[in-house]
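Below you'll find the structure, written out as structure tokens, and then a few comments.
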Amino acid sequence: MTPYGVDKFFELKDGDIIRRHSRRAEFVWELIPLLKEIIREELRPNVSGILARGRLVAEPAALVRGEAVFGVDYGPGAGGANFVCRKDGLVLEDAALVLPGAYIEDEAVELAPGVLVEPGAMIKGPSIIGRGSEVRQGAYVRGSVLTGARCVVGHATEAKNTLMLDGAKAGHFAYLGDSLLGAGVNLGAGTKLANLKMVDAPCRFVFNGETTQVGYKKFGAVLGDGVETGCNSVTSPGVLMGPRSVLLPNATARGGYYPNRSILRPAGDPKKR
């Protein structure tokens, strides 16, 4: 039995967009080249009202049921909400908030209710940012990015052709390229998911003595539900890491398959497994 199925890495819920498309992939990595197509099929663009005033946002703008509302006041939220947004003293329910200095490249972008886009963030389409997620200051969403609810694309983090399921967080100085992140994944500051090999050779995965090769030119990492990485850790191109695995600080995961609950330590650590 192959350990590479989508269900071996992610426990998908009814509300997960990717669940509706998971049967298109026999192996989990086959979702990576499908991401752009999936996003375009599911996309409900709602930023045209903001773009009508320019790609560089000049004043706080709320998105409420597809309509852009300017001249809003905002403050810290309660009960886990990113913010509370008001217009003429009235609370704007289920609003997304885009702050001045954010840059939205094109109309192929959907910001769900509760999304916060901070100053200096740049978003390119096609991209869907899920309910209650944050795109923080200096973040670069390079396109073909799909996030679930309560995700974080953090300060100085770049994401490209990447899936983030509910609660996945890349809060600080991270790179996510051609990768899939499961629910609750947390990347420590400085984590890099490298996606381009330095040598022209396929990615290889070995299980029970059998080798499976994948010839993608760009292939980052698949991190199962609940995976955690420490600060300044790196995954080489073509990493499959099973749910609830841990990549410790300053460690590098070489390309390959790591089963559930693996612990990957820095080279030279006497406790290395």
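Pick from VAL69, VAL47, VAL84: which is aliphatic (A, V, I, L, M), surrounded by 13 or more Cβ atoms within 10 Å (Cβ to Cβ) and free of Cβ contacts under 8 Å to residues at least 24 places away in the same chain?
VAL84
Just to be sure, is LYS217 under 9 Å from the mean Cα position of the chain (by Cα), surrounded by fewer than 24 Cβ atoms within 10 Å (Cβ to Cβ) and of a type outside the set (A, V, I, L, M)? Taking the combined requirement at face value, the residue does not satisfy it. The combined condition, being among the acidic types (Asp, Glu), under 24 Å from LEU31 (Cα atoms), part of a loop (DSSP other than H, G, I, E, B) and modelled with pLDDT under 95, is fulfilled by ASP200.
Among GLY143, GLY138, GLY171, which is at pLDDT 95 or above, part of a strand (DSSP E or B) and touching a strand residue (DSSP E or B) at 6+ places or on another chain (Cβ under 7 Å)?
Details: GLY143 fails: part of a strand (DSSP E or B); GLY138 fails: part of a strand (DSSP E or B).
Sole residue among the options that is at pLDDT 95 or above, part of a strand (DSSP E or B) and touching a strand residue (DSSP E or B) at 6+ places or on another chain (Cβ under 7 Å): GLY171.
Of the residues examined, TYR216 is not one that is out of contact with any His (no Cβ under 8 Å at 6 or more places or on another chain), assigned to a strand (DSSP E or B), under 26 Å from LEU12 (Cα atoms) and of a type in the set (Ser, Thr, Tyr). Among the residues of the range 246-267, at least one is out of contact with any Ser or Thr (no Cβ under 6 Å at 6 or more places or on another chain) and modelled with pLDDT under 90.
So which residues in the range 16-68 are among the charged types (D, E, K, R) and in a loop (DSSP other than H, G, I, E, B)? Talk me through it step by step, then tell me what you get.
Going through the range 16-68, the residues among the charged types (D, E, K, R) turn out to be 16, 19-20, 23-24, 26, 30, 36-37, 40-42, 44, 53, 55, 59, 65, 67.
Within the range 16-68, ASP16, GLU26, ARG44, ARG53, ARG55, GLU59, ARG65 qualify.
One residue stands out among those in the range 87-97 that are surrounded by fewer than 18 Cβ atoms within 10 Å (Cβ to Cβ) and of a type outside the set (D, E, K, R): the one that is farthest from GLY132 (Cα to Cα), which is GLY89. In the range 176-194, is there at least one residue being in a strand (DSSP E or B), more than 21 Å from LEU12 (Cβ to Cβ), modelled with pLDDT of 95 or more and aliphatic (A, V, I, L, M)? Scanning the range 176-194 turns up no residue that is in a strand (DSSP E or B), more than 21 Å from LEU12 (Cβ to Cβ), modelled with pLDDT of 95 or more and aliphatic (A, V, I, L, M).
If you go through the range 32-69 and keep only what is in contact with a helix residue (DSSP H, G or I) (Cβ under 7 Å, 6 or more places away or on another chain) and closer than 20 Å to LEU181 by Cβ, you end up with LEU34, ILE38, GLU42. Restricted to the range 88-135, and to residues that are in a strand (DSSP E or B) and in contact with a Ser or Thr (Cβ under 6 Å, 6 or more places away or on another chain), which residue is nearest to GLY54 (Cα to Cα)? Per the stated criteria, the residue is VAL109.
Could you please let me know if SER127 is modelled with pLDDT of 95 or more, surrounded by 24 or more Cβ atoms within 10 Å (Cβ to Cβ), of a type in the set (Ser, Thr, Tyr) and closer than 20 Å to LEU97 by Cα? Steps first, answer last, please.
Values: modelled with pLDDT of 95 or more: yes; surrounded by 24 or more Cβ atoms within 10 Å (Cβ to Cβ): yes; of a type in the set (Ser, Thr, Tyr): yes; closer than 20 Å to LEU97 by Cα: yes.
Yes; evaluated as a whole, the condition is true for this residue.
The values are calculated or read from the model by the stated rules, or taken from the named source; none is laboratory data. As the structure is a computational prediction, the values presented were derived from the model and not from experiment. We place every Cβ from the backbone using ideal geometry, glycine too, and count neighbours over all the protein chains shown.
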